[in-house]
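Visitor: Sharing a structure here in structure tokens format.
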Amino acid sequence: MKRDLTRIRNIGISAHIDSGKTTLTERILFYTKRIHAIHEVKGKDGVGATMDSMELEKERGITIASAATYCEWSGHEVNIIDTPGHVDFTIEVERSLRVLDGAVLVLCSVGGVQSQSITVDQQMKRYHVPCIAFINKCDRSGANPSRVIEQLRTKLGHNAVALQMPIGLESDFQGIIDLIAMKALYFDGPHGEDIRSEDIPEQLLAEARQKREELIDQASAFSDELTDTILEEKEITTEMIIAALRKGTLERHMTPVIIGSAYKNKGVQLLLNAVAELLPSPEEVKNTALNLDENEAPVTLSSHPEDPIVALAFKLEDGAYGQLTYIRVYQGTIAKGSTIINIRSGKKIKVGRLVRMHADQMEDIEMIQAGYIGALFGIECASGDTFVSPGLNIAMTSMYVPDPVISLAIEPKDNKAQINMSKALQRFTKEDPTFRCHVDAETNETIIEGMGELHLDVYVERMRREYDAEVMTGNPRVAYRETITQRADFNYIHKKQTGGSGQYGRIAGYIEPTAEGDFIFDNQITGGAIPTQYIPACEKGFRQSLAKGPKLEFPITGIKVAINDGAYHAVDSSDMAFQAAARGAFREAYLRAKPVVHEPIMKVVIESPTEFQGAVMGLLNQRRGMIVGAQDEGHMCVVEAQVPLAEMFGFSTVLRSATQGKAQFTMEFALYRQVPQSIAEKIAEDMAAKKKNAA
Amino acid sequence: MLKKDLILRNPLRQMGYENDDILPEGGFGAVLARAGVGKTALLVQLALNTMLRGKKVLHVSLLDPVNKVDLWYRELFRRLAVQYQIGQIRTLWEDMLPLRFIMTFKVEGFSVPRLQERLNDIMEQGLFSPDMIIIDGLIFDDTSKPVLDALKKMVEKQGLRAWFTVNIHRQVKADADGLPKPLLPADELFDVALLLVTEGNEMHIRDLKTGDIPSPRPVLILDPATMLIKENVAVAS
């Protein structure tokens, strides 16, 4: 394997759905000779594009999960992470963005910058991913790359710099003028593989010169050498321009723009050149991990192959030979036979087979070194796990996993679906730590839990498509919680004498609210009022009571139980008796401690054109939302609010219709907050009705 | 009870102002200091105090994003609660949150008509109707007079009280009235001007416009460790 890190590019192809991203990836693989035939996304040949490895993706012509694939171009090794274009799959997108060093933002020359491009761009900004833009579909009717470049500037705030201009547009799209080399390039051969370089057509020369001027002018802001050369009126070399463009791009101060039509096989090779010349190598990107010994303080990784290993598992796939784990190595080298530790589980793993992936096919390799992406076979792990050399205690992602805030009952349609469903659930819970499932002991229903309505919808859909598991779903349920608001004392005697040995236990103490944790048990017993061996039974009894609150049967959190007195009987006291006493004591005190219901509150961030700001705020207000603030960013504004999850069902549709589809939102769990009295009453009514129905 | 404790302990009262609002309706107040001395911290404390009294504050920042402004409030409120040993701050904080609205603008994108438009947006829908407005990051120079005039009109019309942060440069010398230069173009518009100056290890809050307050003027001290106003009051010579 080559060891020159400067020649590696880990890139993502990120875009709005239908901007031709999968077709573009397919062409890249063809030109880099990784595949030998081209299949279309919605291919008539029934094969589908190579990158869409999931059935669902093949059918819909979209890409959901990121597949990593490897190719080579002009001496550079390029790993392509095909990132999903849908806003809803943010975990997947964000995990990909963590792994890649640069990105190609694909835009449609007809549709331009659309709302989902804005989301993708925001994510890239968050992870400081340098990018180049590829304006695709220049052969389509209505194509207007100049307009898209303008949108890149105005809508996304990029300093977009055109490196090329088209020769003809729409059905007359013939070729591309390279403004750096000042050449007209045409793509010949059945698949555009032969590039013919000619002089720029006379009628376009003046425009090309002017655009080159603009390009050099913008590039000069990043290079003193280039500025001096311009001032001294010396000859400007291609290398000088590229060096300046590269500097601007890596700093994210500039977005070079490439044009073409992947479908018509035009311009893709030039995009690959730009990837090699303008996007960063792993060495040029600062990667940080979290030091678990120091309260997750960030540590910078060295990207040196000789240092201890730090690698991130960013995607899992079920292959014919077991679980395939995609990893990116940030530091050190993982070789066959090396020992690594999974930080989450603490398990030691001996590395067996290492492969490099090309969508569905694979190639065996000896090692994966810092900066590279590869895959491991037969390793038990979950997505997002960090692998390190023994002795290190750092993680690439936070170990904090939020509790789910929404649940949904699912029921398989038949026996076959039952088996497939359990397979699917097993896989999904491994892939995504925020997705959980359990069987409700009372109703015997399978309950899936996650971080939002869409989150669960995606998994239900994947169950149907990938695992052929037809399931029926119930209504989503918000994960309410109960807690108490004041201290209440208890003094409870559990006594039973029904023949044989009886049961006896007395517990006294108090319960009170606490912000320090979900449950705190404080044993203040002195003098052996309750013998030490029964204390764990008391704690267990209280813990059992927390699972279902006496008020509305929601789990209870934020409670401290202190016991300070009690009594026992030499013969009749037992663990069982004290557990029962604890449960009785809890029931006795709970309702006097003024219990309230808490609901999950989501942090909702809406990006909208400024003219809809008032409407957006109105929508949030109608949903019991509390607006934290509004950020004015020129033509766009960002409204941040805290809204109860229960009010957010179907919000995307409402938001779309209120803003002509121009606004979009993200939502994440923020905190639990007390439900207003009127809503609490309604919840109580619903729960009572549900109970009645169940009976 | 908790709120009352905090309100009573409002150290700004000790500067001798008649009421907790400090400013009259339609009035302008300014906090002047060099960069990084604690203008925002002081204004956020003024805002917190206003919120504790159940009044609404619109915080307009031309410098920081919403998150950062929010963090200022959270952090200073937490420190305030620690300083005065107030328990159950979470409930109190959540009661206060709806009394605050943050708006941020880019400096170059800020204009009075734009602010008015945003304000109308929220007021007309009954979402938020401020009693006090804080404008943090407005540039004060020879060209700012028209902006301040327009703001004054807006504030007077809506019966608000407005506070500004004014950044003063190291080399700026105060004029005869004690007012640093950046404020001068709009001096007559301001009812109160508080100057934050470092004296040794302490930061003193001086009132530049005494108004009706009897002398000697009390001086408040801002604790550089917590950015909170200290309770013990020194008397200026």
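Visitor: Could you calculate the FRET efficiency of residue A:147 with residue A:493 from 1/(1 + (r/R0)^6), where r is the beta carbon distance between them and R0 is 56 Å, rounded to 0.05?
Guide: That pair, residue A:147 with residue A:493, gives E of 0.10.
Visitor: Here's something else I'd like to know. Consider a paramagnetic label point 7 Å from the Cα of residue A:624 along Cα→Cβ; state which residues of segment A:658-675 have an amide N under 18 Å from it.
Guide: Counting backbone N atoms under 18 Å from the label point, the list is A:668-675.
Visitor: Averaged over peptide B:122-135, how many Cβ atoms belonging to another chain are found within 10 Å of each residue's Cβ?
Guide: 2
Visitor: Which length gain, in nm to one decimal place, applies between residue A:515 and residue A:251 when the Cα-Cα distance is subtracted from 0.36 nm times their residue separation?
Guide: 90.7 nm
Visitor: Can you spot the aspartates and glutamates whose alpha carbon is less than 18 Å from residue A:495's alpha carbon? Ignore those fewer than 8 places along the same chain.
Guide: The reachable aspartates and glutamates, counting only those whose Cα sits under 18 Å from residue A:495, are A:565, A:572, A:575, A:588.
Visitor: May I ask you to derive the relative contact order of chain A, considering only C-alpha pairs under 8 Å and at least 6 residues apart, and to give it as an integer percent?
Guide: It comes to 9 percent, rounded to a whole number.
Visitor: If you take the beta carbon distance between residue A:174 and residue A:526 as r and set R0 to 60 Å, what does 1/(1 + (r/R0)^6) give as a FRET efficiency, to the nearest 0.05?
Guide: Computed FRET efficiency for residue A:174 and residue A:526: 0.05.
Visitor: Want the number for residue B:19 to residue B:169: 0.36 nm per residue separation, take away the alpha-carbon distance, what's left?
Guide: The residue B:19-residue B:169 span can extend by a further 50.8 nm.
Visitor: Any of A:137/B:106; A:560/A:690; A:551/B:68; A:348/A:540; B:55/B:157 with alpha carbons more than 28 Å apart? Name them for me.
Guide: A:137/B:106; A:560/A:690; A:551/B:68; A:348/A:540
Visitor: With the cut-off at 1.5 for a/c, could you classify segment A:409-475 from its C-alpha gyration tensor as rounded, prolate or oblate?
Guide: Judged from the Cα gyration tensor, segment A:409-475 comes out rounded (a/c under 1.5).
Visitor: Students often get this wrong, so check it: of A:125/B:56; A:286/A:315; A:413/A:682; A:125/A:336; A:183/A:286; A:125/A:315, which have C-alpha atoms separated by over 26 Å?
Guide: In this structure, A:125/B:56; A:413/A:682; A:125/A:336; A:183/A:286 lie more than 26 Å apart at Cα.
Visitor: Another question, then. Quickly estimate the mean residue ellipticity at 222 nm for chain A, helices only: each DSSP H run with n ≥ 4 gives -39500 (n - 2.57), and the total goes over all residues, rounded to 500.
Guide: Calculated from helices alone, the mean residue ellipticity at 222 nm is -9000 deg cm²/dmol.
Visitor: Amide H of residue B:32: which non-local residues (sequence gap of 5 or more, or other chain) have their own amide H closer than 5 Å, using H built in the peptide plane?
Guide: B:166, B:194, B:195, B:196
Visitor: Once fully extended, how much extra length lies between residue A:126 and residue A:547, figured as 0.36 nm per residue of separation less the alpha-carbon to alpha-carbon distance?
Guide: 147.7 nm
Visitor: Please identify the chymotrypsin sites (Phe, Trp or Tyr not before Pro) of segment A:247-348 that satisfy two criteria: DSSP loop assignment and at most 15 other Cβ atoms within 10 Å. Which are they?
Guide: A:321
Visitor: List every residue whose amide H lies under 5 Å from the amide H of residue A:637, counting only residues 5 or more places away in sequence or on a different chain, with H placed 1.01 Å from N in the peptide plane.
Guide: A:608, A:610
Visitor: A further question follows. Take residue A:689 and residue B:153, extend 7 Å from each Cα along the Cα→Cβ direction, and tell me the distance between the two endpoints in nm.
Guide: Taking the two extended label points, one gets 5.5 nm.
Visitor: What percent of all Cα-Cα pairs in the protein assembly as shown falls into each 10 Å bin, going from 0 up to the bin containing the maximum distance?
Guide: 2, 10, 16, 19, 20, 17, 11, 5, 1, 0, 0
Visitor: At a Förster distance of 35 Å, what's the computed FRET efficiency of residue A:154 paired with residue A:197, Cβ-Cβ distance as r, to 0.05?
Guide: Calculated transfer efficiency: 0.55.
Visitor: Other chains near A:508-515: what is the mean number of their Cβ atoms within 10 Å of each residue's Cβ?
Guide: Partner Cβ neighbours, averaged per residue: 1.
Visitor: Dividing the Cα convex hull volume of segment A:599-679 by residue count, how many Å³ per residue is that?
Guide: Spread over its residues, the Cα hull of segment A:599-679 gives 79 Å³ apiece.
Visitor: Under 18 Å from the Cα of residue B:209, which lysines turn up, not counting those fewer than eight places away in the same chain?
Guide: B:39, B:173, B:181
Visitor: Averaged over peptide A:611-622, how many Cβ atoms belonging to another chain are found within 10 Å of each residue's Cβ?
Guide: Across the residues of A:611-622, the mean count of other-chain Cβ atoms within 10 Å is 3.
Visitor: If you don't mind, there's one more thing I want to ask. Straight-line reach from residue A:692: which aspartates and glutamates have a Cα under 19 Å away, not including same-chain ones fewer than 8 places off?
Guide: A:440, A:442, A:445, A:553, A:681
Visitor: Quick one: Karplus J couplings for segment B:99-110, per residue in order, coefficients 6.51, -1.76, 1.60, θ = phi - 60°, nearest Hz, x for Gly and Pro?
Guide: 8, 10, 9, 9, 10, 10, 10, 7, 3, 6, x, 8
Visitor: What do you get when you divide the Cα radius of gyration of segment A:288-395 by 2.2 N^0.38 Å, with N the number of residues?
Guide: Taking the Cα Rg and dividing by 2.2 N^0.38 Å, one obtains 1.00.
Only the coordinates and a few stated rules stand behind these numbers; no lab work does. Treat the numbers as computed from the prediction; the structure is a model and nothing was measured. Every residue, glycine among them, receives a Cβ derived from its backbone with ideal geometry; neighbour counts consider all protein chains shown.
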